[in-house]
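Encoded as structure tokens, the structure appears first; notes follow it.
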Amino acid sequence: MISQISIENYALIRKLEISFSSGFNVITGETGAGKSIIVGAMSMLLGQRADLSVLSDPTKKCVVEGVFNISELNLESLFKEYDLDYDSTLIIRREITPQAKSRAFINDTPVTLIVLKIFAERLIDVHSQHHSLLLNESEFQLNLVDQFASNHKILQAYSSLFQQYIALKSSLNLLLETEKKAATDKDYYSFLFAEIEDVNPKIKEIESLEAELKLLSNGELIKNALYRTHSIIIEHDFAIVNQLSEIKTLMASTQLLHLPSAELRARIESCNIELKDIANEAITIADDTRIDPERVDFVTQRLDQLNKLLLKHRVSSAEELIELRNQFDEKLNSILVLDSEIEAQTKQLKAIENELTITSKELTISRSKHLKPMATEIKSVLMQLGMPDAELVINISSKNSFTKNGCDDVEILFSANKGQQPREIVKIASGGEISRLMLAVKSLIHSRNLIPIAIFDEIDTGVSGDIAAKVANILRKMSQNMQILAITHLPQIAAKAESHFWVYKKVQDDNTLSNIKQLTHVERVDEIAKMISGESVSKAAIETAEDLLRN
């Protein structure tokens, strides 16, 4: 149950605190006093959207805080799921700052609005003034059937599968779009890869070929130079080694007489040996130097191939060509991986579709099974609400596609009068009839679910007289199993409550403010009498009020 709510700087409310009882609580007050503002603040507390327009003083933040007793609700696992510390007293706080920032807290721990709403859905059902209009919406009607059928677990399983289905379908569509582009890219990259792969460049190959071509192109010149070198050193009439031998002989004739001449002779001998070695190596190199026109043509053509690729791809080395080839290969492999991924995701999607089909059929079976019992029970409550001739037909039809709620459409057809064919609610029901129908539905749903708190904002619209008393009895009966907070303008309903709160307006510092107080028994008599006869309270109205409170 909600034991207390505090509201600060919200619309016409500057600051107030309300402590509720565990059973039937009623809120009354004159039109425009701020009764629905309190419901709006509570809705904001439970995760509804809010903006700066709710700030009474735009320079201060708005704070709404609720204190709940959850000791009997078995919510420990929910706290654990969202890594929150459990306590039997739950404090939810919502803040809107002047900078339009929204903040939410559970037991002083910051949480997202999504988490806040998840907790709120386990605690409170809020029925606002426009809520009855939802009776005309197919999705709302389907939700009512699911609540009556207690389809929570099946819906949870279906919802999990559906989210996977949507995510996977989106991913697969993206892959398929990528594949369309990849089909063109595949041919392009295959051509570029094959072009380089066919040439098959090697590391440092261009430098090596250029050096070889330079050697091959000058083979004759090199051979001639080497042979001539050998001839000049060894074979020529004036060969260098012969000249050196003569010099060596001259030095030998003086070496005994002149010590430096001996040193010169030794050095000449060394030069003679070195020159002979040079001559021999020159002839060896000359013999090994090839003159190969075919090899020249091959190397020239090979360099031409490589240079064309360099020019085409705007690179400057064989290493860069090899890197490009590897990149094209990676792109082709990624396209092949894309094909494999599409195949895998297609199979996965098919598997999830099969599971969705099975789960959606379970939902359809469960829903179909509960349509007639639900209609019967609603009609039973409507009889208690003064509509003995009401007829209710709930139809279900199948869709050809998966939706977030399964593959079913539900339509509730209604008639309030005997002999009147059931039709769509919006086409046949008055405001009062819709209010009673909604109350019947809500009482039925809440009797089957574990939501501990229900808030009704003028569920009695269009109702009066004896029917108002019947509505009050239904609400009182509901309050035996849950906490009820009802905003009403009917004295019959106000009198049935265990706690009665009165909302009023006052002017303070030239500002109109809303406030609330819990009424004593005497004050209740006076307030209910005013609800009966207006501001001019008659003795008869007071007697009627006292009589209502006694019964």
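The values are calculated or read from the model by the stated rules, or taken from the named source; none is laboratory data. Computed from a predicted model, the values in this text were never measured in an experiment. No Cβ is skipped: glycine too gets one built from the backbone with ideal geometry, and neighbour counts run over all protein chains shown. Side chains included, ligands, DNA and RNA excluded: accessible areas come from the protein's heavy atoms. Shrake-Rupley method; radii C 1.70, N 1.55, O 1.52, S 1.80 Å.
Tabulated values for the structure
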| quantity | calculated |
| --- | --- |
| Within segment 116-152, tally of residues that are assigned to a helix (DSSP H, G or I), crowded, with 18+ Cβ neighbours inside 10 Å and at pLDDT 85 or above | 10 |
| Where a residue in segment 325-341 is touching a residue at least 12 places away in the same chain (Cβ under 8 Å) and its partner, wherever it lies, is open to solvent by less than 60 Å² (accessible area, probe 1.4 Å) and among the aliphatic types (A, V, I, L, M), with Cβ under 8 Å and at least six apart | 325/196; 328/192; 328/196; 335/182; 338/175; 338/182; 341/175 |
| Set 402, 414, 456: member being aromatic (Phe, Trp, Tyr), under 30 Å from residue 548 (Cα atoms) and not in a helix (DSSP H, G or I) | 456 |
| Top-ranked residue of segment 408-467 - restricted to ones that are of a type in the set (Lys, Arg), free of Cβ contacts under 8 Å to residues at least 60 places away in the same chain and out of contact with any Leu (no Cβ under 7 Å at 6 or more places or on another chain), ranked as most open to solvent (accessible area, probe 1.4 Å) | 418 |
| Those residues of segment 350-370 which are open to solvent by 20 Å² or more (accessible area, probe 1.4 Å) and touching a helix residue (DSSP H, G or I) at 6+ places or on another chain (Cβ under 9 Å), in sequence order | 353, 355, 362, 370 |
| Segment 283-311, residues that are open to solvent by 80 Å² or more (accessible area, probe 1.4 Å) and either assigned to a helix (DSSP H, G or I) or touching a strand residue (DSSP E or B) at 6+ places or on another chain (Cβ under 6 Å) (or both) | 287, 288, 293, 294, 297, 298, 301, 305, 308, 311 |
| Residue within segment 187-200 that is surrounded by 11 or more Cβ atoms within 10 Å (Cβ to Cβ), of a type outside the set (A, V, I, L, M), in contact with a strand residue (DSSP E or B) (Cβ under 8 Å, 6 or more places away or on another chain) and in a helix (DSSP H, G or I) present | no |
| Selection within segment 504-551 - in contact with a Gly (Cβ under 9 Å, 6 or more places away or on another chain) and more than 25 Å from residue 470 (Cβ to Cβ) | 504, 505, 513, 514, 515, 516 |
| Top-ranked residue of segment 320-343 - restricted to ones that are hydrophobic (A, V, I, L, M, F, W, C) and open to solvent by 50 Å² or more (accessible area, probe 1.4 Å), ranked as farthest from residue 161 (Cα to Cα) | 336 |
| Matching residues, segment 387-407, being surrounded by fewer than 18 Cβ atoms within 10 Å (Cβ to Cβ) and either within 25 Å of residue 470 (Cβ to Cβ) or of a type in the set (Lys, Arg) (or both) | 388, 389, 393, 399, 404 |
| Verdict on residue 172 being more than 30 Å from residue 444 (Cβ to Cβ), more than 28 Å from the chain's Cα centre (by Cα), of a type outside the set (Gly, Ala, Ser) and surrounded by 16 or more Cβ atoms within 10 Å (Cβ to Cβ) | no |
| Subset of segment 4-15 (residues that are over 13 Å from residue 45 (Cα atoms), of a type in the set (A, V, I, L, M, F, W, C) and out of contact with any Lys or Arg (no Cβ under 9 Å at 6 or more places or on another chain)) | 11, 13 |
| Number of the exception - residue 202 against (1) in contact with a Leu (Cβ under 8 Å, 6 or more places away or on another chain); (2) closer than 20 Å to residue 330 by Cα | (1) |
| Candidates 316, 340 - the one that is small (Gly, Ala, Ser) and in contact with a Leu (Cβ under 9 Å, 6 or more places away or on another chain) | 316 |
| Matching residues in segment 243-282 - criterion: being exposed (fewer than 13 other Cβ atoms within 10 Å of the Cβ), of a type in the set (A, V, I, L, M) and within 20 Å of residue 229 (Cβ to Cβ) | 273 |
| Enumerated strands (runs of 3 or more DSSP E) restricted to segment 1-103, each holding at least 1 residues that are open to solvent by 30 Å² or more (accessible area, probe 1.4 Å) | 2-10, 13-19, 62-69, 89-96 |
| Subset of segment 266-292 (residues that are within 15 Å of residue 232 (Cα to Cα) and charged (D, E, K, R)) | 274, 276, 277, 281 |
